[in-house]
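In what follows, a single structure is set out as structure tokens and then discussed.
The values are calculated or read from the model by the stated rules, or taken from the named source; none is laboratory data. Not measured: the values here are computed from a predicted model. We place every Cβ from the backbone using ideal geometry, glycine too, and count neighbours over all the protein chains shown.
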Amino acid sequence: MDATRTDDRPRSGIERPPVAGDATAAAAGDGGRGWYRGLALVAAVLILAQAVLAGQWMFGGGRIDVHGWLGNVTFLLAIGLVGLAFVGRRGGALGAVDLALSAVLLLLVVAQLGLGYSGRACAPAATLHGPNGVLLTGVTAAILALAFVPRGGSGRSPRR
């Protein structure tokens, strides 16, 4: 055996299959990227639905209570995105930017919930709720764009 080799691959270059309980078994497949993509897509759809519901409510229609419920579900999804991004980062399937954007999304959702609930009685909070929603949309778009970029084996976006 070559003393400079540190991996478990045979000399043929073919990687060994994952073994149950092995660290590589957890990272088998896409390393959680599929779940991350799916959760990011659902979060984006919910954020869009909230914007539609808020717009309808502002002009005399829509259900603002459903807008709030979707906000609470989005909070749970944002927690899930941070968790998946952390696991994906450790496994190499996702990058540091994915983790950072997921954390920013979670912080913005927490702020959005606070602004939304306190905005019922506080006009300044209500006026910040809309612009924060725009930030949420932008961060979610960035998360989606990165989630669907093809990546090499290192889990990092190709440099261009």
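Structure notes:
- Hey, Leu70 at negative phi and touching a Gly at 6+ places or on another chain (Cβ under 8 Å) or not: no
- Inspection of region 114-121 finds a residue satisfying the criterion of being farther than 17 Å from Trp35 by Cα and of a type in the set (Lys, Arg).
- Residue match in region 58-65 (condition: out of contact with any Gly (no Cβ under 6 Å at 6 or more places or on another chain) and either within 26 Å of Pro150 (Cβ to Cβ) or at pLDDT below 60 (or both)): no
- Some residue of region 65-78 being closer than 20 Å to Val45 by Cβ, part of a helix (DSSP H, G or I), over 12 Å from the mean Cα position of the chain (by Cα) and among the charged types (D, E, K, R): yes
- Among the residues of region 125-146, those identified as hydroxyl-bearing (Ser, Thr, Tyr) and either surrounded by fewer than 17 Cβ atoms within 10 Å (Cβ to Cβ) or free of Cβ contacts under 8 Å to residues at least 24 places away in the same chain (or both) are Thr127, Thr137.
- Residue satisfying all of: in region 14-50; surrounded by 12 or more Cβ atoms within 10 Å (Cβ to Cβ) and among the basic types (Lys, Arg); modelled with the lowest pLDDT among these: Arg33
- Condition met for Leu81 (under 15 Å from the mean Cα position of the chain (by Cα), surrounded by 15 or more Cβ atoms within 10 Å (Cβ to Cβ) and not in a helix (DSSP H, G or I)): no
- Inside region 99-124, residues that are among the aliphatic types (A, V, I, L, M), surrounded by fewer than 16 Cβ atoms within 10 Å (Cβ to Cβ) and either at pLDDT below 95 or in contact with a Lys or Arg (Cβ under 7 Å, 6 or more places away or on another chain) (or both) make up a count of 2.
- Among residues of region 89-116, those that are under 11 Å from the mean Cα position of the chain (by Cα) and not in a helix (DSSP H, G or I), counted: 1
- For region 58-101, a residue qualifies if it is touching a residue at least 12 places away in the same chain (Cβ under 8 Å) and of a type in the set (Gly, Ala, Ser), and the qualifying residues are Gly68, Gly71, Ala78, Gly80, Ala85, Gly88, Gly91, Gly92, Ala93, Gly95.
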